[in-house]
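Inspection log for the structure reproduced underneath, given as structure tokens.
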Amino acid sequence: MSKYAIQLSPGHNRVYYMESQKLSVAELTITASGFDSKCSSPAIENIKGVVCAAFTCESKLSRHEIALLYNLSFAFVIFEVVEIDGDTYLLPIENLSPQYFDDKITTILKYQGKTNETFTKMMINVAAQTCSTTNDTNLRLLDPMAGKGTTLFCGLTRGFDVYGIEISTKYTNEIGIFFKKYLEREKYKHTTQKRTITSKQTKKQIGKASHFEFAHKQDFADGNTQKLEIVDGDSALTNFYYKKNYFDIIVVDLPYGIQHSSKQQRQSKGFTRNPEQLLSASLPAWRDVLKRGGVLVISYNTNVISKTKANDLLSKAGLTVLDEDIYNQFEHRVDASIKRDISIAKKEIL
Ligand SMILES: C[S@@+](CC[C@H](N)C(=O)[O-])C[C@H]1O[C@@H](n2cnc3c(N)ncnc32)[C@H](O)[C@@H]1O
């Protein structure tokens, strides 16, 4: 038996307040359920004054599994817990996860309506751990309501290729400008392409895409690149922008209600603040572009749409809602008007 303890990042309870521990345990349980050796249910423990999420495993975790633990949205330091001469010691384990994009890209931009990056990382982890399309790190992620790109930037730090759709032209322009500057400043080799997307039926323009391909010098020369693409368009048209069975995971934070929309957004065609309408209009298209075995994670304000309603819409769209207890531990208060929850659904492998 081996025991592990993950020290909770000091910022974590600032994001979730009282609910921080519940969310950490749920995220860890989902991640550990994919490990080769059987792990006990994690629990919050205070070991030698360190508050951690602790669990035991039948055998030692592999390097890859430790890397997955370091990707957890709340992980600060991971320890192996050992008993020597009747006393307990915490042995820190080196973080050997492959380094892709520096995490700082997720925190640079600050703006009203931004989805918290710790919460976004948690949703990405849940989607990536639940998805059964591939074991590769190189997943293809879509955020079909990308705002100014938090999900895309969090996905880059995991080594994924990331794609976003956003109805606000102001936001998509800002993502393009910010990201190009970032690549230049951090000395990435990169190419940029723009394309307009027209409807085959009407021949009218239905979106504009900006596509970046990038890597550090040697990787770029070897063809080991990552991709970020942002489409200025309407999420309901996702299946016009991308082919069927294209994405491994879809992660999206739905609009919360009235508070965050700008005048420019409100005037955009296809814009509505109503998450139920948005989901109904977009889910068939999202399902089309998701691979079999792929996973969709949505977050929403339960004061505006209930979890029962959200799950019902997911099922009606032909997705299988993951509804075991462990997937129902994520509800938390954000502020006086927002109580947030997530729903997780899979496109079944036939
Ligand atoms: C909660 S915000 C997402 C914030 C984003 N995760 C971030 O941190 O920047 C929801 C986004 O959905 C966008 N949106 C609303 N309706 C849309 C539609 N039909 N198609 C694409 N995006 C839409 C809004 O403009 C808003 O930026």
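Among the listed residues T151, T137, identify the single one that is polar (S, T, N, Q) and modelled with pLDDT under 95. Write out each step before concluding.
Numbers: T151 fails: modelled with pLDDT under 95.
It is T137.
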Any residue that is under 18 Å from I342 (Cβ atoms), within 13 Å of the ligand (Cβ to nearest atom) and crowded, with 20+ Cβ neighbours inside 10 Å - is there at least one of those in the stretch 153-166?
yes
Does the stretch 72-103 hold any residues that are at pLDDT below 95 and within 30 Å of P144 (Cβ to Cβ), and which are they?
S97, P98, Q99, Y100, F101, D102, D103
Pairs where the first residue, in the stretch 266-286, is within 13 Å of I165 (Cβ to Cβ) and part of a loop (DSSP other than H, G, I, E, B) and the second is at pLDDT 95 or above and among the charged types (D, E, K, R), C-beta under 8 Å, 6+ apart:
G270/D234
Residues to consider are S132, S210, S199, S168; find the one that is in contact (Cβ under 8 Å) with a residue 12 or more places away in the chain, under 30 Å from L322 (Cα atoms) and of a type in the set (S, T, N, Q).
S132
Within the stretch 76-99, does at least one residue satisfy the condition of being within 16 Å of the ligand (Cβ to nearest atom), surrounded by 15 or more Cβ atoms within 10 Å (Cβ to Cβ) and free of Cβ contacts under 8 Å to residues at least 40 places away in the same chain?
no
With respect to T150, is the statement that it is within 16 Å of the ligand (Cβ to nearest atom) and in contact (Cβ under 8 Å) with a residue 12 or more places away in the chain true?
yes
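What residue, of S306, S235, S282, S261, is surrounded by fewer than 23 Cβ atoms within 10 Å (Cβ to Cβ) and either within 20 Å of I197 (Cβ to Cβ) or modelled with pLDDT under 95 (or both)? Break it down into steps so the answer makes sense when it comes.
Working: S306 fails: either within 20 Å of I197 (Cβ to Cβ) or modelled with pLDDT under 95 (or both); S235 fails: surrounded by fewer than 23 Cβ atoms within 10 Å (Cβ to Cβ); S282 fails: surrounded by fewer than 23 Cβ atoms within 10 Å (Cβ to Cβ).
Sole residue among the options that is surrounded by fewer than 23 Cβ atoms within 10 Å (Cβ to Cβ) and either within 20 Å of I197 (Cβ to Cβ) or modelled with pLDDT under 95 (or both): S261.
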Residues satisfying the stated conditions in the stretch 1-36, i.e. over 18 Å from the mean Cα position of the chain (by Cα), under 17 Å from R63 (Cα atoms) and surrounded by 15 or more Cβ atoms within 10 Å (Cβ to Cβ)
S2, K3, Y4, A5, I6, F35
Selection count, the stretch 181-194, where residues are of a type outside the set (A, V, I, L, M, F, W, C) and either touching a Pro at 6+ places or on another chain (Cβ under 6 Å) or surrounded by 15 or more Cβ atoms within 10 Å (Cβ to Cβ) (or both):
4
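Inspect the stretch 213-229 for any residue being within 15 Å of the ligand (Cβ to nearest atom), of a type outside the set (A, V, I, L, M, F, W, C) and crowded, with 20+ Cβ neighbours inside 10 Å and give the result as yes or no. Write out each step before concluding.
Taking the stretch 213-229 first, the residues within 15 Å of the ligand (Cβ to nearest atom) are 228-229.
Within this subset, residues satisfying the condition of being of a type outside the set (A, V, I, L, M, F, W, C) are 229.
Still in the running and crowded, with 20+ Cβ neighbours inside 10 Å: 229.
So far as the stretch 213-229 goes, yes, one or more of its residues are within 15 Å of the ligand (Cβ to nearest atom), of a type outside the set (A, V, I, L, M, F, W, C) and crowded, with 20+ Cβ neighbours inside 10 Å.
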Considering only residues that are surrounded by 14 or more Cβ atoms within 10 Å (Cβ to Cβ) and charged (D, E, K, R), look in the stretch 37-69 and name the one that is farthest from E94 (Cα to Cα).
E45
If you check M145, M122, which single one turns out to be within 25 Å of E19 (Cα to Cα) and of a type outside the set (S, T, N, Q)?
M122
So which residues in the stretch 150-170 are closer than 20 Å to Q99 by Cα and part of a loop (DSSP other than H, G, I, E, B)?
R158, G159, F160
Looking at (1) more than 16 Å from the ligand (Cβ to nearest atom); (2) loosely packed, with under 15 Cβ neighbours inside 10 Å, which is the one condition that is false for T169?
(1)
So, in the stretch 195-212, exactly how many residues are of a type outside the set (A, V, I, L, M, F, W, C) and surrounded by 14 or more Cβ atoms within 10 Å (Cβ to Cβ)?
4
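The values are calculated or read from the model by the stated rules, or taken from the named source; none is laboratory data. These numbers were taken from a predicted model, which means no experiment stands behind them. Glycine gets a Cβ as well: all are built from the backbone with ideal geometry, and neighbour counts include every protein chain shown.
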